[in-house]
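In what follows, a single structure is set out as C-alpha cells and then discussed.
Nothing in this text is a laboratory measurement; each read-out follows from the coordinates by a stated rule. Predicted model only: the values in this text are computed from it and were never measured. Cβ placement follows ideal geometry from the backbone for every residue including glycine, while neighbour counts extend to all protein chains displayed.
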C-alpha cells in the first residue's frame, strides 16, 4: 500500500522544527508544502501532490466567496520546503500559531498527505468523534465504505 497512514508523536524543537516519520522521508524527498488545514491542523503534502491540488483549486469559481476564501487562505499560507538531513520540516510561526502547536505534536497519515496537530488538540478531536466513528459514522461514509 502506498500512502501515508498511522499516528506518530514527534516533539517540536525550540527552533520550530518537527521531525517527520522516517518511513515517509523517501516519499517526501522531492520537497513538501506545508499549509493551513481543516480543524486548525497543518497539512504536509509532497510538492508534486500539492501542485496537483493547486491546479484543481485554480479551477474553483472565483465568483463563489467561500471557494475563493478557502483557496486564497490555503495558497497564501503555503510554505514550500525541503526536509533537512534529520527529516525535519521548519514550521513558520504563523503556521504554528494556526495549529496551536506546543512541544508535543501528533502527525497523522491521511493517505495523500500528513496532518500535524498539537497533541492536546488531537486528543480532544478524537474524544469528540470516536463515538460517532464506533457507531458507524454518518451517511457520508456510505460513499467511502
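Sort 101-108, 15-22 by packing, meaning the average of other beta carbons within 10 Å per residue, with the highest value first.
Answer by packing, highest mean first, reads 101-108, 15-22.
From zero up to wherever the largest Cα-Cα distance of segment 1-100 sits, split into 5 Å bins and tell me the percent of pairs in each.
The distribution over segment 1-100 is 2, 12, 21, 24, 20, 11, 6, 3, 0, given as percents.
If you rank 114, 73 by fewest surrounding Cβ atoms within 10 Å, what's the result?
Fewest-to-most ranking of 114, 73: 73, 114.
Going by average Cβ density within 10 Å per residue, which order do the peptides 2-13, 115-126 take, highest to lowest?
The peptides rank, most packed first, as 115-126, 2-13.
Can you give the Kirkwood hydrodynamic radius of segment 85-131 from its Cα pairs, in Å with one decimal?
With all distinct Cα pairs of segment 85-131 included, I get 11.9 Å.
Working out 0.36 nm times the residue gap between residue 68 and residue 126, then minus their Cα-Cα distance, what length gain in nm do you get to one decimal?
Extra length from residue 68 to residue 126 when fully extended: 17.9 nm.
Build a GNM of the chain with springs between Cα atoms under 10 Å: which of 87, 109, 30 gets the top mean-square fluctuation?
In this elastic network of the chain, the residue with the biggest mean-square fluctuation among 87, 109, 30 is 30.
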